[in-house]
């Protein structure tokens, strides 16, 4: 008895089409704004579900204010011709610049983590502009920066800081800090997209942050520094921001520092934002 072999052909599998990438040139402004709004709500909901992600924003202003006022306030305040109270009015505007830079660094590490954990894979099948993902992240981080600045100013008022100009000038100082911080976020987003790990992003960022922060007028007057360091401080964009915020709150000439800060913010954004978006498109 011969065995009969039945030959059945396997059903053909229809290939799954590749995800359609959104052509940003075909997405209108209104649709782009809707995408950004939806992603902002998504990111804000993530913060609500993970309140620990706000610990740095809530605690950093308190810790840094107490640290610098009570450790350096006596000696630096004396060099300013006053006491610790004089240093409060000097350092709080400077710390506004520092807060923005530290929070901007967190954007880069967060972006790197999102790619490594596969979060960004979900956006590949969505008909959204790639830039909307980055802009939404920046909008949420600006909100976090605003919370940190409010806590910082609250600590300053508790320690005796005075507004010697007007509330409008204070708002201008806050807005200037937010604008400059937002421009720095593009640098750290680009860094987060380039480096392989979040630890590498943080390590490189700290190498940049430390010289810029301590080689500036944030914590002490440049007149107390060596001549070569004063030259570096004069061209440091953080010094321009700190001096502008200080003059807006305490009074004094503001035009040069404000325009220099805005020029730095615009220049950084014009150079790094297109690079970050291009890198994001290529990686996603």
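Could you tell me whether any residue of region 27-39 is exposed (fewer than 13 other Cβ atoms within 10 Å of the Cβ), under 22 Å from the mean Cα position of the chain (by Cα) and modelled with pLDDT of 90 or more? Taking every residue of region 27-39 in turn, none turns out to be exposed (fewer than 13 other Cβ atoms within 10 Å of the Cβ), under 22 Å from the mean Cα position of the chain (by Cα) and modelled with pLDDT of 90 or more. Take the conditions at pLDDT 95 or above and closer than 18 Å to residue 220 by Cα and apply them to residue 234. Does it pass? Judged against the criteria, residue 234 is not a match. Provide a single number: the residues in region 193-205 that are surrounded by fewer than 12 Cβ atoms within 10 Å (Cβ to Cβ) and within 18 Å of the chain's Cα centre (by Cα). Total satisfying the criteria: 2.
Scan region 259-268 and tell me whether some residue there is within 23 Å of residue 110 (Cα to Cα) and part of a helix (DSSP H, G or I). Among the residues of region 259-268, at least one is within 23 Å of residue 110 (Cα to Cα) and part of a helix (DSSP H, G or I), which makes the answer yes.
For the condition outside any loop (DSSP other than H, G, I, E, B) and in contact (Cβ under 8 Å) with a residue 24 or more places away in the chain, residue 238 qualifies. Under the condition of being loosely packed, with under 15 Cβ neighbours inside 10 Å, over 20 Å from the mean Cα position of the chain (by Cα) and part of a helix (DSSP H, G or I), the residues counted in region 206-228 number 4.
How about region 265-284: which of its residues are under 15 Å from the mean Cα position of the chain (by Cα) and either surrounded by 14 or more Cβ atoms within 10 Å (Cβ to Cβ) or free of Cβ contacts under 8 Å to residues at least 40 places away in the same chain (or both)?
Going residue by residue through region 265-284, those that are under 15 Å from the mean Cα position of the chain (by Cα) are 265-266, 268-269, 272-273, 276.
Answer for region 265-284, where residues must be under 15 Å from the mean Cα position of the chain (by Cα) and either surrounded by 14 or more Cβ atoms within 10 Å (Cβ to Cβ) or free of Cβ contacts under 8 Å to residues at least 40 places away in the same chain (or both): 265, 268, 269, 272, 273, 276.
The values are calculated or read from the model by the stated rules, or taken from the named source; none is laboratory data. Keep in mind that what you see is a predicted model, and the values were worked out from it rather than measured. For neighbour counting, all protein chains shown are included, and Cβ atoms are generated from backbone atoms with ideal geometry for every residue, glycine included.
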